[in-house]
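Inspection log for the structure reproduced underneath, given as C-alpha cells.
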Amino acid sequence: MRVYVPLTLSGLAEAYKTGELGAGPLVAYAVTPALREWYLSDDIEELEYAALSRAALASLRLVAADSGAPRRRVVVAVDVPDRAAAADPDKGLDPAALGEVRVTGAVSLAKAAAVHADAADAEADVTAAAEALEEADRGDDDAQFVVDGAEDHELLWYATQEVPNLLGLGD
C-alpha cells in the first residue's frame, strides 16, 4: 500500500540523519475506502493525488505547530505492506480524517518511492496559510481562502537520492 507521510523540512532532515521516518505508529494518508467513497472516483491516480493532498494539509499543520520549521510542506511517499497500515473505522467519513491511516513499525527512508515538497517560492503562501489555519478551522471563510492559497502550489517531486540537495546538503 502506498502511504503519504506528512513531514516538515526539519522532520525530513531528521529522517535523513537517522534513516527512518519514525519508529511508528506514524500518521499517514492513503487511498482508504472512506476516501474512495468521499472522492467518488475509480481512477487510482486521482485517488492517490487526493491522499497526497490530505498529507500536504497535515504537513501544513505540522509547519504551523513548529515555529522553527522552514515554511514548506513535505510529504514522503512510501510503500508499506497492507497489514502495516490501517484506517480507524470509528472515524468513518469524518472530513478531517479522510484517508488517514496509522502505520505500525519503523518506516525506512530508503524505502521511500519519492519525496514531495514545496518549492522555495511557496514559502510566503505557506507561511500565511500556517498563520490562518486556526481561524480557518473555526470556519472563517477569509482564513480558509488563505489556507487554500498554499494548495495552489503543487508539491514538486524529488527522487530519494535528491533529498540531500532538497535539504541544502548537496555540493
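The values are calculated or read from the model by the stated rules, or taken from the named source; none is laboratory data. On a predicted model such as this, the values are computed, not experimentally measured, just so you know. Methodologically, a virtual Cβ is constructed for each residue, glycine included, from the backbone with ideal geometry; neighbour enumeration extends over all protein chains shown.
Taking the criterion of being free of Cβ contacts under 8 Å to residues at least 60 places away in the same chain, of a type in the set (A, V, I, L, M) and not in a loop (DSSP other than H, G, I, E, B), the residues of segment 138-167 that qualify are Ala143, Val146, Leu156.
Test Gly68 against the stated conditions and say whether it is in contact (Cβ under 8 Å) with a residue 40 or more places away in the chain, part of a loop (DSSP other than H, G, I, E, B) and under 25 Å from Gly19 (Cα atoms). Answer is yes for this residue. Across segment 126-169, the qualifying residues are those that are closer than 11 Å to Arg73 by Cα and among the acidic types (Asp, Glu), and the one among them that is modelled with the lowest pLDDT is Glu151.
Between Leu40, Leu60, Leu9, the distinction of being over 11 Å from the mean Cα position of the chain (by Cα) and either buried (at least 19 other Cβ atoms within 10 Å of the Cβ) or among the basic types (Lys, Arg) (or both) belongs to Leu9 only. Residues that are in contact (Cβ under 8 Å) with a residue 24 or more places away in the chain and touching an Asp or Glu at 6+ places or on another chain (Cβ under 9 Å) within segment 71-88 comprise Arg71, Arg72, Arg73, Val74, Ala77, Ala87, listed in sequence order.
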